Each structure stands twice: as structure tokens, then as C-alpha cells.
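Chemist: Take a look at this one; I'll ask things after.
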Amino acid sequence: MQQLENSIKAALSAAIQQAFGAQVPAEQLTLQPTRKDFAGSFTLVTFPLTKTLGKGPEQIGQALGEWLVANEARVSGFNVVKGFLNLEIADREWVRLFTELSQRPDNAPVPTGGPQHVVVEYSSPNTNKPLHLGHLRNNFLGYSVAEILKATGATVTKANLVNDRGIHICKSMLAYQEFGHNETPEEAGIKGDHLIGKYYVLFEKHYREQVRQLETEGVASDIAKRQAPMMLEAQDMLRAWEAGDEEVVSLWRQMNGWVYEGFDETYATIGVDFDKMYYESETYLLGKERVEEGLQKGVFFRKDDGSVWVDLKEEGLDEKLLLRADGTSVYITQDLGTAELKYQDFGYDLSVYVIADEQNYHMQVLKAVLKKLGKPYADAIYHLSYGMVDLPSGKMKSREGTVVDADELVQEVTDAARQATNELGKIEGLSEQEAEHLYRMLGLGALKYYLLKVDPKKRMLFNPEESVQLQGHTGPFIQYSHARIAAIRRKAAELGLSETADLASLPALHETEVGMVQELARYSSVVTEAANTMSPAIIAQYAYDLAKAYNRFYTEVPVFGEVDETKRNFRVALSAQTGRMIKASMRLLGIDVPERM
């Protein structure tokens, strides 16, 4: 498509030279898609040329259009609407372009000239609670961005930094010690991550009770929060862990082991994976070394209480704590270590952090601190900041137990997909096992698409019922469109029709066929835009546009009812290529598409 557009711009440049004797280089001309209510494929806005050419916009459009029709074989017609020159492209050019597209391997890279060695870090769960709806948006975004960057030919590593240590982990451990009675996930009959999450909520409940009790005794609220016995005990436990206390470390290993088993099960269910796992417990010591390095270089400073800070006021930020007075690390301590480890492991020229916009300041600080330390990878850090996910009932809070659990949500959308599919009678001929596989595919497809179709930077409201509808801007609509195409391909194979027929003698194209070729030709530019902006929403919109265009084509022109053999073969080939592109696009979103439905 880009090649065709460049050819038209070159022809326009020649037309300006011939018709007006003026020099306007092709690269200075901008073409845009023609509005759907006018004939044409490309539109040149002629207003910017009036000063150079000394003519009115309509006169310019008329002269250029006439020259192109007479001299450029690719242009078959034109129309001028005020200052807009709409160009119609010859059918044979669309056939040529389609032939070129259909011969291109589906997995051929789309080079963008962007970074070639990329690490995408996503998920980054805490081992004190199960994954929830917010984690799902993070996981789906990270996985999809990694796949999109892979599609450009880049070498991409999917990384997961597990926050497996710190005060929040100690809170769950302390509550388990106090109230757990040594129960195991097997005894409780729940996944390990859910069991540990229960104790995190339990800690918060008892801690708040202690804070309220202190407040009734006249202790100021901020002091009560710091001096509540359970908080002091949790801090003692963290210090004991960093000191290597055998009993504390043993409990930590046991509880984290349960959580990892739960996480692995959820990751397998939602279809995301990782090439490299990092653990905060293994990176924070390297981070402490970087803090010591900063002290020696004089870019960090120690306060009277022994805590270590960095002054980032010149960078438009503030002072930032890097190490507590008792020597224990904070989040950014391990982040310094992890950034270095990733660079040592993969020598990245781009390191993407998929982290919610609540951490925008933190990520600015990380980059600024690494620059102060003179690290060569500081400028390679990119924060893919995304908006939080809200529910109709409001914001989720893990510590209060008001989150939407990821496992439960996946089951809910699967059940909703089962009900919607059965009501529409879409499982004819499927075995019970095949039907269950379809329900899961549709449910996960609905969930992923709903969370990915929104621009990552936007905060969003999640509506489970809306996500699983088979019509409208949803994943199941696109999946159903693919299943329809798959059925056409099966029937074509039964009839002995080719998907790669000779199209040299193809008669005039229907407008919906031209529209389909144009949509198919947009794929490379869409992948390029999605990679450059790191927005899976662009791929999601394209997949929807493609499915919508195909359904219009299918409604308006016959496939098997067409009497002209060449036309029939072309429509089969067009259907097949559309199916491949829907599948390729949805694959970049981490979504499977069904062959039957």
C-alpha cells in the first residue's frame, strides 16, 4: 500500500510540473484515505498548493486529476469536491496489490527501523495476593506489546519481576503465623495465591482494629498507624528476613512456593508467558551496591538518621529515599539492581516497563537516578504507563479484599460465552470437549479484547456483560467472523476451488472487494504504528475494521453463487487472505480464533 501511495505522489509531483510548471517534491505531498461517502481511494488536499501554483483549489484539483487520468495508468478516475481531489485507482492495480499481499508469508516481519533488542517487563506481581483485574490489563498489554515488537523483526525478551520480598510480604507472613494454624492450600481447598491473599486481608483487618484502639486512647492517627503492634512486628520480620533468620526465611520460601504454583496456573489459563523471571529477593542486594556506588560518587547523600537519599530537584523532581535508616531497601533499591541485571543479560536498546500510571513519578525517578549514576542504559528505559481499570462499583482495593479476582473473572466470562453461544445455536456439530474449548476461547478473547481495545493511557471501566457480546466492537464478533471465513474455506476445498487462482482475466471489482484489498494492505502500516506507539488498541481496531469490512463484503456479493469462475475464485482467495490477516492480527493481541462456531 505504501508503494502504491508513493507512486501516486510521484505522479502528482510530475502532474504539478507539467500542468503548472512548478516544482513540488513528492515527499512534500500528503495523501489521506478518501471519505467513504465519496468515490476514490486517495485524497489530495489542494488548499496548501494555492500559494505555490497561483490557482484556486478546485482549479488545481481539476487540472491534476485530468493529467493523471491521461498519463498515469494506476489512476482510473477522479472527482473534485471543493479543495479535495479524490483519486480512483484502477482495478488492475488492486488485483496486483492483492496478489502481492497473498504471496507474503503471514509471519514475515514488518521492519520499522526501531529498536532491535528489547526487554518487555510486565505482570510484576506481589507474592501476597492473587492476580486481579488490574493485573490482567497489565499482563495482556505486556504480552501484546512484546508480540507486536516481535512482528517488526526485533528480538524481544518477555520478563517478569516478581515482588517477592518487602513489608507487604511480611504482612501476609505475620498474619499466617498468628492465625494460619499451619494450614496448606490442599487443606484449605484453594489455590496457594488465594490462600496467602486471605492472610494479607486478615492482617489489614486486625491492623486497622489496633490503629482504631490506639486512636481511642488519644494517640494521633499518623502515630497510631506507625506504632500499631502488628506493623511493628511486620517491620521486625522484614529486618529478620534481610538478616537471614532461618525460621523467617523458611516460612517465606514455603508461602511463596504456594503463591508461585497459583500464579503458574493463572498464567497458563490466560495464555501469557515469560522468557526470563527476576525476583526482587535476588536483585535488591545489587541495588544496594548501586546505592553505595552513588554515595561514593557523591550523587547520593546520607541523612542524620542513616537513611540514604538522592536530590532530584534539578530534574524537576524531589528528594527520594533510596535506603531506610535501618538499612532495609525500598522499591527503587531493587529497581536499580534489576535494570542493571537486565542490561547484563540482554544488552537491550529498549527496556519497556509495563506499569500503571500511579507509578509515573517512580519511573521518572528511576531513570533520573540511573542517569546520575552514569549508566549507559538509562535512556533506553521506557515506561508504558497505562490507566487503571475501574468497575461500576468503583476502584478496587487489594488490602480490603474488594478486587475482582482474575481466576473468577476468567470463569465468569467463560460462562457468559457459554450462555451466549448456546442461545444463538453456534455449536452445531461440536463435541462436548470442543464446545468447552470454544467457550474458553471466546471468554478469554472477549476479556482480552475488551481490555486491549482501549488506548493504554486511558483509564477504563470494565463491563463483563458487554465484553462477551457476539455483535459490536467485541472480541467474539471478530472471532465469529473468522469462523465464518473458515467455513467458506472448507466448503471451497470440498468444491475444489483454489485459493491462489490466476486473476489476470478478473473482470471489474465490486466496491466491497476494493475495500477489502485496501483493508488488507493496511496491515503493515498498522503494525508499524502500533509498534511505534506501543498501543495494542491500534491492532484491535484494525482487526475489528477488517472483520466489519468482510461482513459487508459477504452480505453484498455472492461467493459460491457467483457464476463467473474467475470472480468466484477471487472471492474465495480474498476470504482466505482475510481469514489469515484476522488470525495474524488477533495473535498479536494474544487471542485465538476458532475454526468452527
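Chemist: Give the residue, chosen from A228, A224, A234, A220, that is over 30 Å from L447 (Cα atoms) and in contact (Cβ under 8 Å) with a residue 60 or more places away in the chain.
Modeler: None of the other options fit; the residue is A234.
Chemist: Kindly evaluate I539 against the criterion of being modelled with pLDDT of 90 or more, under 29 Å from S41 (Cβ atoms) and within 16 Å of the chain's Cα centre (by Cα).
Modeler: Considered against the rule, which asks whether it is modelled with pLDDT of 90 or more, under 29 Å from S41 (Cβ atoms) and within 16 Å of the chain's Cα centre (by Cα), I539 comes out as yes.
Chemist: Need at least 1 residues that are crowded, with 19+ Cβ neighbours inside 10 Å per element, so show me which helices (runs of 4 or more DSSP H) inside region 164-282 make the cut, counting only ones lying wholly within it.
Modeler: Working: elements: 167-179, 185-188, 192-216, 221-227, 229-242, 246-270.
In region 164-282, 167-179, 192-216, 221-227, 229-242, 246-270 are the helices (runs of 4 or more DSSP H) which contain 1 or more residues that are crowded, with 19+ Cβ neighbours inside 10 Å.
Chemist: Mind checking which residues of region 294-323 are over 15 Å from D335 (Cβ atoms) and charged (D, E, K, R)?
Modeler: K297, R302, K303, D304, D305, D311, K313, E314, E315, D318, E319
Chemist: Could you tell me whether Q59 is farther than 26 Å from L574 by Cβ and of a type in the set (S, T, N, Q)?
Modeler: yes
Chemist: Here is a further query. Go through region 310-346 and report how many residues are within 28 Å of the chain's Cα centre (by Cα) and touching a residue at least 12 places away in the same chain (Cβ under 8 Å). Steps first, answer last, please.
Modeler: First pass over region 310-346, keeping only residues within 28 Å of the chain's Cα centre (by Cα): 331-346.
Checking which are touching a residue at least 12 places away in the same chain (Cβ under 8 Å) leaves us with 331-343, 345-346.
The total comes to 15.
Chemist: Filter region 81-113 for residues that are touching a strand residue (DSSP E or B) at 6+ places or on another chain (Cβ under 8 Å) and either of a type in the set (F, W, Y) or touching a residue at least 24 places away in the same chain (Cβ under 8 Å) (or both) and give the result.
Modeler: G83, F84, L85, N86, L87, E88, I89, D91
Chemist: If you don't mind, another one. Would you confirm, using the coordinates I've provided, whether E529 is more than 23 Å from L384 (Cα to Cα), surrounded by fewer than 19 Cβ atoms within 10 Å (Cβ to Cβ) and out of contact with any Lys or Arg (no Cβ under 8 Å at 6 or more places or on another chain)?
Modeler: Numbers: more than 23 Å from L384 (Cα to Cα): no; surrounded by fewer than 19 Cβ atoms within 10 Å (Cβ to Cβ): yes; out of contact with any Lys or Arg (no Cβ under 8 Å at 6 or more places or on another chain): yes.
Considered against the rule, which asks whether it is more than 23 Å from L384 (Cα to Cα), surrounded by fewer than 19 Cβ atoms within 10 Å (Cβ to Cβ) and out of contact with any Lys or Arg (no Cβ under 8 Å at 6 or more places or on another chain), E529 comes out as no.
Chemist: Shifting gears a bit: Being in contact with a Gly (Cβ under 8 Å, 6 or more places away or on another chain), touching a residue at least 12 places away in the same chain (Cβ under 8 Å) and within 24 Å of E100 (Cβ to Cβ) is the requirement here; does T46 meet it? Give the derivation first.
Modeler: Values: in contact with a Gly (Cβ under 8 Å, 6 or more places away or on another chain): yes; touching a residue at least 12 places away in the same chain (Cβ under 8 Å): yes; within 24 Å of E100 (Cβ to Cβ): no.
The answer is no for T46.
Chemist: Any idea how many residues of region 347-365 are touching a residue at least 60 places away in the same chain (Cβ under 8 Å) and more than 30 Å from L409 (Cα to Cα)? Talk me through it step by step, then tell me what you get.
Modeler: The initial filter retains those residues of region 347-365 that are touching a residue at least 60 places away in the same chain (Cβ under 8 Å), namely 347-357.
So of that shortlist, the ones also more than 30 Å from L409 (Cα to Cα) come out as 347-351.
Going through region 347-365 one residue at a time, the tally reaches 5.
Chemist: So, of the residues in region 54-71 that are touching a strand residue (DSSP E or B) at 6+ places or on another chain (Cβ under 9 Å) and of a type in the set (D, E, K, R), which turns out to be farthest from R92 (Cα to Cα)?
Modeler: Here the residue is E58.
Chemist: Considering only region 23-46, state which residues are more than 24 Å from V517 (Cα to Cα) and loosely packed, with under 13 Cβ neighbours inside 10 Å.
Modeler: Once the filter is applied, which keeps residues that are more than 24 Å from V517 (Cα to Cα) and loosely packed, with under 13 Cβ neighbours inside 10 Å, region 23-46 yields Q23, P25, E27, Q28.
Chemist: Tell me whether region 366-381 contains one or more residues that are on the phi < 0 side of the Ramachandran plot, in a strand (DSSP E or B) and without any contact (Cβ under 8 Å) to a residue 24 or more places away in the chain. Walk me through how you get there before you give the answer.
Modeler: Going residue by residue through region 366-381, those that are on the phi < 0 side of the Ramachandran plot are 366-373, 375-381.
Keeping just the survivors that are in a strand (DSSP E or B) gives 381.
When the remaining residues are screened for being without any contact (Cβ under 8 Å) to a residue 24 or more places away in the chain, the result is none.
Looking for residues that are on the phi < 0 side of the Ramachandran plot, in a strand (DSSP E or B) and without any contact (Cβ under 8 Å) to a residue 24 or more places away in the chain, one finds none in region 366-381, hence no.
Chemist: Being assigned to a loop (DSSP other than H, G, I, E, B) and modelled with pLDDT under 95 narrows it down to one of E408, E465, E428, so name that one. Before you say what the answer is, go through the steps one by one.
Modeler: On the way: E408 fails: assigned to a loop (DSSP other than H, G, I, E, B); E465 fails: assigned to a loop (DSSP other than H, G, I, E, B).
Only one candidate qualifies: E428.
Chemist: Within region 70-86, is even one residue part of a helix (DSSP H, G or I) and loosely packed, with under 15 Cβ neighbours inside 10 Å?
Modeler: Yes, region 70-86 has at least one match.
Chemist: I want to confirm something. Restricting to region 385-394 and keeping residues that are surrounded by fewer than 22 Cβ atoms within 10 Å (Cβ to Cβ) and assigned to a strand (DSSP E or B), which single residue is modelled with the lowest pLDDT?
Modeler: So, considering only residues that are surrounded by fewer than 22 Cβ atoms within 10 Å (Cβ to Cβ) and assigned to a strand (DSSP E or B), the one modelled with the lowest pLDDT is G394.
The values are calculated or read from the model by the stated rules, or taken from the named source; none is laboratory data. All figures in this text were calculated on a predicted structure; none of them were measured in a lab. Every residue, glycine among them, receives a Cβ derived from its backbone with ideal geometry; neighbour counts consider all protein chains shown.
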